[in-house]
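A short worksheet on the structure shown next.
The values are calculated or read from the model by the stated rules, or taken from the named source; none is laboratory data. Bear in mind that the values here come from a model prediction, so they are computed numbers and not experimental data. Note that each Cβ is placed from the backbone with ideal geometry, even for glycine, and that neighbours are counted across all protein chains shown. We work out accessible area using only protein heavy atoms, side chains counted, and drop any ligands, DNA or RNA first. Shrake-Rupley method; radii C 1.70, N 1.55, O 1.52, S 1.80 Å.
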Amino acid sequence: MRAATGRDWSDWFEALDTLGARNEDHKAIVALTRDRLGLTHAWWQQTVTVAYEKVRGLRAPVGETADAGFQLRAQRTVAASADAVWSWVTTHPERWLGPCKHLPLAARSSFVCLDGTEVEVRSVVPGTRLRLTWRPERFARPSTLQLTLTPKGP
């Protein structure tokens with residue numbers, strides 16, 4: 001960092017604190033790195049600014065959205081056809097959803113699993129996508145689960 005920018009991380013953060021960057025938005029902090037602290041390379045201006053925002057709690061953690069809370073994505077490739085995976089997902093909800101006896105494949109259908117988890121099926125595209133609202137008893141608010149099957153090419 002020092003070799004590329006002339007300062008190490010703690011020096012950058014201290015300089016930005018001294019200039020009041022904690023009270024500025026992203027664009028203003030970038031301008032401070034450029035105009036007041038002499039950082040000429042745009043990539044390094046962004047890098048320093050984003051790191052500063054993360055360290056000072058000015059930037060949302062990775063996966064957090066402005067309106068929906070946190071988002072998480074997991075992807076798996078399996079050695080099976082999309083039809084076989086869809087069949088397994090829809091006939092074995094207890095394996096991925098919790099202790100649920102069945103999974104109705106109709107939008108706006110609701111049910112409660114054996115452990116008290118409330119589930120609402122929000123949308124179904126047979127063989128492709130399943131979107132649910134899911135709220136275990138210990139959750140203060142529901143979460144959205146979306147499963148999407150994408151067949152791999154030949």
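The solvent-accessible area of ARG141, taken with every protein chain present and a 1.4 Å probe, is close to 150 Å².
Less than 11 Å Cβ to Cβ from ALA31, Lys/Arg counted +1 and Asp/Glu -1: what total charge do the surrounding residues give? Write down the numbers at each step before the final one.
Values: positive: LYS27, ARG34, ARG36; negative: GLU24, ASP25, ASP35.
Summing Lys and Arg as +1 and Asp and Glu as -1 gives 0.
Evaluating 6.51 cos²θ - 1.76 cosθ + 1.60 at θ = phi - 60° for every residue in the stretch 86-96, the Karplus couplings come out as 4, 4, 5, 4, 7, 9, 10, x, 5, 7, 9 Hz, glycine and proline recorded as x.
Over the residues of the chain, the helix contribution to mean residue ellipticity at 222 nm works out to -8000 deg cm²/dmol, using -39500 (n - 2.57) for each DSSP H run of at least 4. The orientation-averaged shadow of the Cα convex hull for the chain, equal to a quarter of the hull surface, comes to 13.9 nm². Computed over the chain, relative contact order equals 10 percent, with contacts defined as Cα pairs under 8 Å that lie 6+ residues apart.
In the context of the full set of protein chains, residues of the chain present 69 Å² of accessible surface per residue (probe radius 1.4 Å, heavy atoms only).
Cα-based Rg of the stretch 99-154 per 2.2 N^0.38 Å, rounded to two decimals?
On the way: Rg = 12.7 Å, N = 56, 2.2 N^0.38 = 10.2 Å.
Taking the Cα Rg and dividing by 2.2 N^0.38 Å, one obtains 1.25.
Going highest first, how would you order 110-120, 78-88 by mean Cβ packing within 10 Å?
Values: 110-120: 14.9, 78-88: 12.5.
The peptides rank, most packed first, as 110-120, 78-88.
Near ALA107, once Lys and Arg are set to +1 and Asp and Glu to -1 for all other residues with Cβ below 12 Å from its Cβ, the sum equals +3.
Count the net charge of all other residues whose Cβ sits under 14 Å from the Cβ of ASP8, scoring Lys and Arg as +1 and Asp and Glu as -1. Each step should come with its number before you reach the end.
Values: positive: ARG2, ARG7; negative: ASP11, GLU14.
Once all neighbours under 14 Å are counted, the net charge is 0.
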